[in-house]
Each structure stands twice: as structure tokens, then as C-alpha cells.
1. Return a yes/no flag: does the stretch 263-279 have any residue that is under 20 Å from D48 (Cβ atoms) and either over 21 Å from the mean Cα position of the chain (by Cα) or not β-branched (V, I, T) (or both).
2. If you take the residues in the stretch 188-226 that are part of a strand (DSSP E or B) and among the β-branched types (V, I, T), which one is surrounded by the most Cβ atoms within 10 Å (Cβ to Cβ)?
3. More than 22 Å from A6 (Cβ to Cβ), in contact with a Gly (Cβ under 6 Å, 6 or more places away or on another chain), in contact (Cβ under 8 Å) with a residue 12 or more places away in the chain and β-branched (V, I, T): is that true of I188 in this structure?
4. Can you tell me which condition T258 does not meet? The list is (1) modelled with pLDDT of 95 or more; (2) under 14 Å from the mean Cα position of the chain (by Cα); (3) more than 25 Å from P139 (Cα to Cα); (4) polar (S, T, N, Q), and all the others hold.
5. Among the listed residues I300, I229, which satisfies the condition of being within 16 Å of the chain's Cα centre (by Cα), outside any helix (DSSP H, G or I) and over 21 Å from P172 (Cα atoms)?
6. Considering only the stretch 1-38, state which residues are at pLDDT below 75, small (G, A, S) and assigned to a loop (DSSP other than H, G, I, E, B).
7. For the stretch 291-323, what are the residues that are among the aliphatic types (A, V, I, L, M) and either in contact with a His (Cβ under 8 Å, 6 or more places away or on another chain) or at positive phi (or both)?
Amino acid sequence: MYDLFAIGDIKLDTFVLLDDAGLQCQLKMPECQLCLEYGAKISVNVVDSQIAGSAPNVATGLKRLGFKTGVVSNMGVDGTRHLALAHLKKEGVSTKFIRTVKGEASSYSAVLMYKGDRTILTSHIRRAYRFPKSLPKTPWLYVGEMGEGYDPLYRSLEAHVRRFGVKIALNPGSVQLEERRPVLFDLIKRTHVLFVNKEEAQQLTGEESGQAHHLAPALFKLGCAHVVITDGKNGSYHFDGARIDFCPIFPGKMVSATGAGDAYATGFIAALMRGKTAEEGMRWGSVEAASVIGKVGGTIGLLTNTQLRAHLRRAPTFKTEHL
């Protein structure tokens, strides 16, 4: 029996290091904009190319923690598909429900790394997303980023939850957040854990305030059981309708922020699947995120059960705080 299927796009991330670009690349403050000299030919270092995407990242992370997982996705007939299948099979993640669509390209992203943070240029391809009728029943489904054409899939997911009582963990992508279609809010009402960062929380709720005690209740009113808001180096928040808890970031060196949110979701979901509290889930998520940002890419730093517990044992004072 599978423990979780992760649903969403699979893409190829190419990591480009801009740190040595000199005056041709700079941060513009206070707007915090990455500026490149227009028309210039800028020398860069291509650090790596890796299979990525919220769904494969979370499926891989949970598999390393001992759960049986698979990915539901659509891909084109190209080199990215071959790399993705090889990567996921190596990790022990099921690829049975990765659908091949002739005439379509797989998704792609260029990750520009500059001064410890990243700017992502990503492609979102319109697809005929469908919920596989033969998908085995699982206790959990994780729903991540995807391009246009997701409406039928979201409607099927909502019906699936109503019928079987499956727990949904939802991390909407940029397309879903920009479009704010009714199917997104219908699915949120059926969602067990909603994962968003602070900016996404503001976009989803229309709240101008960046304060957790405003954003978390506004998200909770949309109908989900648990709200998780991540705020980069400022930590994370959880709200279940009764109390807001805060968790600082787990100490560690940041190389690249790519995949931090997926790693956090991995740890949080894993804790709940193990029967732990949401507060423990925040600790697990923070440890996973800290490990991932210490490497380039979203999966290299994902931990095993033994590694996760070792990190927690070495930091007995790392706790959550009730606000």
C-alpha cells in the first residue's frame, strides 16, 4: 500500500551562479530586484542540472524517510522525461502514473543564484491534467505546482476527498495563485494542510499585512484544517484555528534556497504521518529545509530517518513557541 502520491509538474532545473558577474549583475534596493546589464554577454557558471518540481521533491523526501510514495504527472517525450524516470526509480519513487504526452515538452526552469538567494525563471505548460482512475487509495495526497489546465484535476481531487476521506496537503503554484479560480478555493475547503509562504498567503487572502496573526486566520477561514506559513530566514508559523505557533529556522549554512519549501512540507507531513503533533512537524520541516538549503538543488540535502533524528538530538533546545 502506498502512503502518499504527489501530484504536480516535473521539471529540469538548471542552476546558474551569478556571483562572479561583477558590475554586470547587481541587487537594486530597496526594491530587492536582481538587475542584469541589458544587452550584455555575461559569463556565468552552470553549477548543475537536476530533476525538480514540488511533487517529485516531496515524494523523494518522504521516500527517504521510509514511506512508500509515487508521483502523478504529465511529461513530454524528451530528455527531461528520461532523466526524471531514472532519478525517481533510483530513489524508489513509483513512476507508474507519470503520463507521457506526445507533442508536448516537459517543464523547465533556470535558477539564477546570486548572493545566497535565487531567482527562478520557469516554464508553465498548459496540459490536460487528469486524476488517474486507477490510482491506488492512499491516506495522503500532496498537490503541488502545475500549469494551466488543472481545473478537471482539482474537481476530481475534491470529489475523491469527499468520497474516501483522503488527507490533502496543498501547495498551490504561481499559476493557481495568480488565477484564483473557484476550483482552487473549493479544494482548499477539502485540504488538511495548506502550505504557503508569506507572499503567497498575502496573494491568496488579499491581506496587505505581513503579520502571521492576520494572515493565518484569514487562510484558515478558507476552510483548511491546518495552515502553515513559511517566511524564509524569519521562520514559520502554524495555525489550527485555536493557536498560532512559531518555529525559528534550524541553524545551518545557506548555499541555495531552492527547494526549501518542499523540504519543509516533507518534514511536516512526515511528522503527521508518524502520528506526531503539528508542532513537531514544524521542527521536522525546519530541519529538512536547513539541510536542503545547504546544497544546490531541492533533493540532494533531503534526509533519511536516521539523519533527521540525529539533527534533532544535537539541538535539544530547538523548540516551537506559542504566540
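1. Within the stretch 263-279, one or more residues are under 20 Å from D48 (Cβ atoms) and either over 21 Å from the mean Cα position of the chain (by Cα) or not β-branched (V, I, T) (or both).
2. Among residues in the stretch 188-226 that are part of a strand (DSSP E or B) and among the β-branched types (V, I, T), the one surrounded by the most Cβ atoms within 10 Å (Cβ to Cβ) is V193.
3. Details: more than 22 Å from A6 (Cβ to Cβ): no; in contact with a Gly (Cβ under 6 Å, 6 or more places away or on another chain): yes; in contact (Cβ under 8 Å) with a residue 12 or more places away in the chain: yes; β-branched (V, I, T): yes.
No: the conditions fail for I188.
4. Failed condition: (1).
5. Step by step, each of I300, I229 is checked, and only I300 is within 16 Å of the chain's Cα centre (by Cα), outside any helix (DSSP H, G or I) and over 21 Å from P172 (Cα atoms).
6. Matches in the stretch 1-38: A21 only.
7. Kept after step one, since they are among the aliphatic types (A, V, I, L, M), are these residues of the stretch 291-323: 292-293, 296, 300, 302-303, 308, 310, 312, 315, 323.
Within the stretch 291-323, L303, L323 qualify.
To keep it simple, each residue is scored yes or no on (1) surrounded by 21 or more Cβ atoms within 10 Å (Cβ to Cβ); (2) out of contact with any Gly (no Cβ under 7 Å at 6 or more places or on another chain); (3) of a type in the set (D, E); (4) within 19 Å of A6 (Cα to Cα).
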{"position": "Y114", "(1), (2), (3), (4)": "no, yes, no, no"}
{"position": "Y129", "(1), (2), (3), (4)": "yes, no, no, yes"}
{"position": "Y142", "(1), (2), (3), (4)": "yes, yes, no, yes"}
{"position": "R162", "(1), (2), (3), (4)": "no, yes, no, yes"}
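The values are calculated or read from the model by the stated rules, or taken from the named source; none is laboratory data. All values reported here derive from a predicted model rather than from experimental measurement. Here the Cβ is made from the backbone with ideal geometry for all residues, glycine too, and neighbour counts use every protein chain on show.
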